[in-house]
1. Considering region 265-286 alone, what residues qualify as being more than 22 Å from the chain's Cα centre (by Cα) and within 20 Å of Q370 (Cβ to Cβ)?
2. Being of a type in the set (D, E), closer than 22 Å to D512 by Cα and in contact (Cβ under 8 Å) with a residue 24 or more places away in the chain is true for just one of D97, D118. Which residue is that?
3. Answer yes or no as to whether A422 is in a strand (DSSP E or B) and touching a residue at least 40 places away in the same chain (Cβ under 8 Å).
4. Can you pull out the residues in region 312-334 that are open to solvent by less than 10 Å² (accessible area, probe 1.4 Å) and either aliphatic (A, V, I, L, M) or not in a strand (DSSP E or B) (or both)?
5. Restricting the search to region 100-115, which residues are open to solvent by less than 40 Å² (accessible area, probe 1.4 Å) and either in contact (Cβ under 8 Å) with a residue 60 or more places away in the chain or within 26 Å of L216 (Cα to Cα) (or both)?
6. With the requirement that a residue be assigned to a loop (DSSP other than H, G, I, E, B), among the small types (G, A, S) and touching a residue at least 40 places away in the same chain (Cβ under 8 Å), what does region 426-444 give you?
7. Could you grab me the full set of residues in region 64-99 that are polar (S, T, N, Q) and open to solvent by 40 Å² or more (accessible area, probe 1.4 Å)?
Amino acid sequence: MTMSNSIKPRRLRWWMPATIATLAACTLVAIRRSENIEANFRWFYSALTIAIAILVLLVWLVFFTGLRWRTRFAVLGTLILLVFGITNLVRYDGSADGTAFPRMVWNWTPRRDGNVGDFRVNAGSPELPGLEPAAPVDYPAFLGRERRGLVDGVELERDWNAHPPQQLWRQPIGLGYSAFAVSGSSAVTQEQRREKELIVCYALATGRALWAHTNLVRFRENMGGDGPRATPTLAGGRVYALGATGILDCLELSDGRLIWSRDILKENHTSNLPFGKASSPLVFDDLVVVTGGHTNGPSLLACRSKDGSLAWHSGTNEVGYSSPTLVTLGGKRQVLVLNVGRLTAHEPADGHILWEYHWKEASKALIASQPLVLDGERVVLSAGFGAGCVLLQIKSDGVDKFSVAEVWKNLNMKTHFSSVVARDGFAYGLDDGILACIDLATGKRQWKDGRYGRGQLLRVSDLLLVQTEPGPVVLVEANPSEQREVARLGALSSKTWNNPALAGDFLLVRNDQEAACYRLPVRSLRAEDALRAGSN
């Protein structure tokens, strides 16, 4: 009898990796299709699912394949070397978009430092040779005169094929997410060029740099990118600008001469926010109001516009990235500011809190949207990261006595970097990157369509001017019945989080790479109507 010494090889247990892959694929599909998971978390949950699946597959490889141990460790070693090689070839270069999806580049790709060529200041008068606006309308602050994202008195042409916008200039610009503020023929913004944080005044019609003020600071943040975030405010012939590290400067608009400067965070012994100071200064009467630091300090401060001396400070809430705004509720002027999980209203004279609302759903949210005040003493709040939106009814119960009631609350509008605008009883905004319309009476969503990303928007009469995150600018009807895009302009071509500015028929757009100015076709432009709307 012959005996065989051959050993029958063990069969691989392929059902295990097949099951793991199937479960992972089903989970990814469920995450992708879920309307309850915002895009900011969708990619994270997807990456976590893939990571867990890979880890379980490695356990299968090492302990359950039935392969020779030498083979198992050889495969595992090869995979480790492959991962090590990839990590030495590529690096993380911030987020690719507003969902925080990572942007990976080759390791030898130059790091973005804001150096976009020689910066030359050409002092002189910012003339508008043959390019005078149809009417002299300024855009002097973040989101316009009243911080409502409303440009009234301007009626834009809807057919940009028959009436194309005219590009006046385009040029590189430093890092940062500041927008332009416009007064007359001057346009002012903030930008980062290497280790210099700049406040720069450009000629509106030509893009020529008229002057620049420099602070030798640089705010660094890996995810969102470096540079200043806040938009300057122009008032009374002066420029008020808050840098990303907390430096508040007051300059002459005509020549950039420094009048006074304060280091808000350092002077109040408070820390910076994780993504830097992004709130724009509020200027009214003889005050300049700005938000405080992340923790351990006042949440709102007022400096005297004349010399920068402290007039008052108030509050202890953790501040967000929203900007203070001056409103009238119950017949009384108030400074309204949306902090992390809390809306507070302050007396303009001394800063004491008139009333506040605890928005518990937003207690862990990244607050960047502006509160929107409506007729009838109502306020709309919106935020992403699971907060959603809420309509508040404010009632005056006597002198300096107010009560707050929730009218409705839901997840039908989840703004992130942008704010909502309103028209004829309906609100429009970018809900998790998709344009949406809700009924302000009920909070019910009317429609949701148009994937414009974490962009920005303004309302121009009966149109929505949307600065999309990828760069193009689109016009959409402010129509509660349907989403109808009527025009599109390839204004920019890379990730854009900066707000657009529309001064009359001059459209200024920028991101952290380039800036451009367009002359938009208009049917009519009435400066007196725009000024009247801004004062209401």
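1. Across region 265-286, the qualifying residue is only F284.
2. D97
3. Yes; evaluated as a whole, the condition is true for this residue.
4. Those that are open to solvent by less than 10 Å² (accessible area, probe 1.4 Å) and either aliphatic (A, V, I, L, M) or not in a strand (DSSP E or B) (or both): V319, G320, S322, S323, P324, L329.
5. If the condition is that a residue be open to solvent by less than 40 Å² (accessible area, probe 1.4 Å) and either in contact (Cβ under 8 Å) with a residue 60 or more places away in the chain or within 26 Å of L216 (Cα to Cα) (or both), then A100, G114 are the ones that fit.
6. G433, G443
7. T71, T78, T87, N88
Rundown of residues vs (1) part of a strand (DSSP E or B); (2) surrounded by 23 or more Cβ atoms within 10 Å (Cβ to Cβ); (3) of a type in the set (G, A, S), yes/no style:
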| site | (1), (2), (3) |
| --- | --- |
| G224 | no, no, yes |
| P228 | no, yes, no |
| L234 | yes, yes, no |
| A244 | no, yes, yes |
| L248 | yes, yes, no |
| D255 | no, no, no |
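The values are calculated or read from the model by the stated rules, or taken from the named source; none is laboratory data. Only a predicted model underlies this, so the values are computations on that prediction, with no experimental measurement involved. So basically every Cβ, Gly included, is an ideal-geometry build from the backbone, and we count neighbours across all protein chains shown. These area figures cover heavy atoms from the full protein model, side chains too; ligands, DNA and RNA do not enter into them. Shrake-Rupley method; radii C 1.70, N 1.55, O 1.52, S 1.80 Å.
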